[in-house]
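Below is one structure; the comments refer to it alone.
The values are calculated or read from the model by the stated rules, or taken from the named source; none is laboratory data. Bear in mind that the values here come from a model prediction, so they are computed numbers and not experimental data. With ideal geometry, Cβ positions are generated from the backbone for all residues, glycine too; neighbour counts draw on all protein chains shown. To get the accessible areas, we keep the full protein, side chains included, count just its heavy atoms, and leave off ligands, DNA and RNA. Shrake-Rupley method; radii C 1.70, N 1.55, O 1.52, S 1.80 Å.
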Amino acid sequence: MDGVSEHPFTPLSALLIAALLLFVLALGFPQTARAAGTEAARPSVILISIDTLRADHLSCYGYTRLQTPHIDALTRGGTLFAEIYSQAPITLPSHVSLFTSTYPFANGIRENAQVLPAGAVTLAAVLAARDYGTAAFIGGYFLDRRFGLAQGFQTYDSPFETRPINAALGLKRPAGQVLEAAEHWLENNDARPLLLFVHLFDLHQPYDAPPAYPSRAPQSEYDQELAYVDDSLGDFFEFLGRRGLDRRALVVLFSDHGEGLGDHGESTHGYFIYRSTLHVPLIFHWPRQEKSGNSKLETRNRTLESGDSVRVSSFQNPVSSFAERVEAPASLIDVAPTVLSFLGFPPPARFCGHSLLELAKGGDSPLRDVYSESSYAHDKFGWAVLRGLRRGDYQYIDAPRPELYDVKRDPGQLHNLLPVQTAVAASYRERLAALVATYHPAPGAASSTSSAVAPGAAESLRSLGYLDITAPRAALDNSGVDPKDRLFEYKRYLMAGHLARTGKAEEAVAEFQAILADDPRNLPAYIELARSEVGLHRYLEGANQLKAALALDPHNVEAEELLGDIWLAVGDRGRAAAEFQRLLAFAPHDYEAHFGLGLIAARRGQSAEAAAHFRAALAASPRSAEAHYQLGLILEDQNQKQEALRELQTALDINPHFAEARLELNRLTSHSH
Ligand SMILES: [Zn+2]
């Protein structure tokens, strides 16, 4: 067999190993190794994203029902930004905004499962070009590499590569595992300045905190997850301390958006743009710039002893020139410019955010426009886009029925001031329009790839409680249905989806039918109803619902895909092929269509055509184990044994539990001997 040849152990390789060992040892003691260094290395940067974390649930932001001592410890020798707003209350758009320092409407990523096109200017790409080592460790599926945020990262650890099974928990990786992987990487990679990004997804539903935590925070599962994340970060900060990284690195902790937790009738996030889902924490812990000082993160015990105090000023870095707290409202798109300006690098021209460094040094705070949006209700149901502007104490929300809040006096946003403050509202509306006009991309700039939903993403969205988004519609305007007025329908829809995901298909069918009886234009309800019918093996009923969906939107990719799949499932290859061909007419790179047509051609014995379709499917979704496997079978039929072996092996590399691929590979290898 053609195995990996063994390297003989020679004196030369022994020398190399010894040199390597010395090098690794030196890395283990960075302070001593660098004491004699000629020039100070640039600080490393560690970005910690705690997904779905409301600022007001951290004790350093004033929460009293749970202590988060380890996160709070970052504020000592650090700067807490008290009024940071996310640009979009949705995971992928918010992170893309942060890493590219651009607005969602400008960069085109407004929903989960879209794909950030190659060539984006991200903070990671900028620092990689500056010879930083870059690595990311991802806790949740929405930032999987397939969605494009991996650009600029030399290591991007997101173990969500195989097509996800319909179990939401499989789309999360617990904080402890994410941080352990990051620690392992740091142990081998902190010889040069680095950018490390860790993404902790535990606070995102569905909850699954370890058994010890319900007693720690009996008030809510959300707080239990937060207690677990805080503990995990405590271990991580201890690790950073042992390696001296707490002194050498700029540590930035933030969240991508908050969580409704019932505020404004919203339990999760994404639908509205109130403070509950936009107000996020942002803490910069500055590296120590002097040889001595107390800015080091406090150890776990001392932190725990600090009890419920919000900040312990005696732990302040005596040489720190930074403010403890900045009250001025600012944006997540300001994070990347702040990091670059701290490192002494100029921001790329495409960045739209402002460095917060001067503010952090106690400088004057110019009043800034802080923009947020959600096009979820628009893209999902065809209702109005919500756009908001925070400036000073007010937040204005542009909608068919606009709103204005004084968030300083009314942080819960219970009193819409618009009827009495019409002049303020009008000026905010003008500023909002001007901001959108300033940054709006030129027509055609948003490429079709950027708005496409990544292949295979639909199932995963559903299992996380979202219903998948078809390609966002182009035009923006605030006419149409106000999402406020359809909250009931939306919640009912979420509930029906929950029934469908928890095996209560009959109940889900009844619920979706009731929604459609009230609102026959609710296109996603037809599609979800069809899915539930299919789950109950009522294929023809499912097909009828999809035809109704396609009557409302003839170019609905998801409805066409599912309709083709239904005909395939009932063995009607003619109808299946017709639907998939129809789909290719308006979505020529669609994975499902090519995969389905590949299967049909294979069963008809048209192996050349089948291979072409499977290759097209792989062009759309290179990590599809199924497509590699099917292509392997076709190549085997065509007597291209080596190519077949390679495809089967790739399928297994992607999904090591792919039993059929393993069986086929074994059969083929044993035949070849
Ligand atoms: Zn998120």
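Some values worked out for this structure:
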read-out: Some residue of the stretch 80-95 being under 22 Å from residue 375 (Cβ atoms), touching a helix residue (DSSP H, G or I) at 6+ places or on another chain (Cβ under 6 Å) and either surrounded by fewer than 24 Cβ atoms within 10 Å (Cβ to Cβ) or of a type in the set (Val, Ile, Thr) (or both); value: yes
read-out: Residue selected from the stretch 358-374 under the condition in a loop (DSSP other than H, G, I, E, B) and not polar (S, T, N, Q), by the criterion most open to solvent (accessible area, probe 1.4 Å); value: 364
read-out: Any hit, the stretch 407-426, residues being within 19 Å of residue 264 (Cα to Cα), surrounded by fewer than 19 Cβ atoms within 10 Å (Cβ to Cβ) and in contact (Cβ under 8 Å) with a residue 60 or more places away in the chain; value: yes
read-out: Tally of residues being more than 19 Å from residue 411 (Cα to Cα), of a type in the set (Gly, Ala, Ser) and within 15 Å of the ligand (Cβ to nearest atom) across the stretch 248-269; value: 0
read-out: Sole residue being touching a Cys at 6+ places or on another chain (Cβ under 7 Å), away from the ligand (no atom under 13 Å from the Cβ) and of a type in the set (D, E, K, R), chosen from 72, 131, 56; value: 72
read-out: Top-ranked residue of the stretch 78-101 - restricted to ones that are of a type outside the set (A, V, I, L, M) and more than 15 Å from the ligand (Cβ to nearest atom), ranked as farthest from residue 352 (Cα to Cα); value: 78
read-out: Restricting the stretch 503-530 to residues that are more than 26 Å from residue 480 (Cβ to Cβ) and touching a residue at least 24 places away in the same chain (Cβ under 8 Å), the residue that is surrounded by the fewest Cβ atoms within 10 Å (Cβ to Cβ); value: 506
read-out: Cross-chain or 6+ apart pairs with Cβ under 8 Å, the stretch 151-173 first and modelled with pLDDT under 50, then among the aromatic types (Phe, Trp, Tyr); value: 164/141
read-out: Count of residues meeting criterion [open to solvent by less than 30 Å² (accessible area, probe 1.4 Å), closer than 21 Å to residue 348 by Cβ and in a loop (DSSP other than H, G, I, E, B)] in the stretch 114-144; value: 4
read-out: Condition met for residue 194 (over 22 Å from residue 229 (Cβ atoms) and at pLDDT 95 or above); value: yes
read-out: Qualifying residues in the stretch 376-397 (those that are buried (at least 24 other Cβ atoms within 10 Å of the Cβ) and not hydrophobic (A, V, I, L, M, F, W, C)) - the one nearest to residue 79 (Cα to Cα); value: 390
read-out: Residue 355 open to solvent by 20 Å² or more (accessible area, probe 1.4 Å) and either outside any helix (DSSP H, G or I) or of a type in the set (Gly, Ala, Ser) (or both); value: yes
read-out: Matching residues, the stretch 326-358, being of a type in the set (Ser, Thr, Tyr) and closer than 13 Å to residue 101 by Cα; value: 331, 338, 355
read-out: Unmet criterion (only one of (1) in contact (Cβ under 8 Å) with a residue 12 or more places away in the chain; (2) open to solvent by 60 Å² or more (accessible area, probe 1.4 Å)) for residue 184; value: (1)
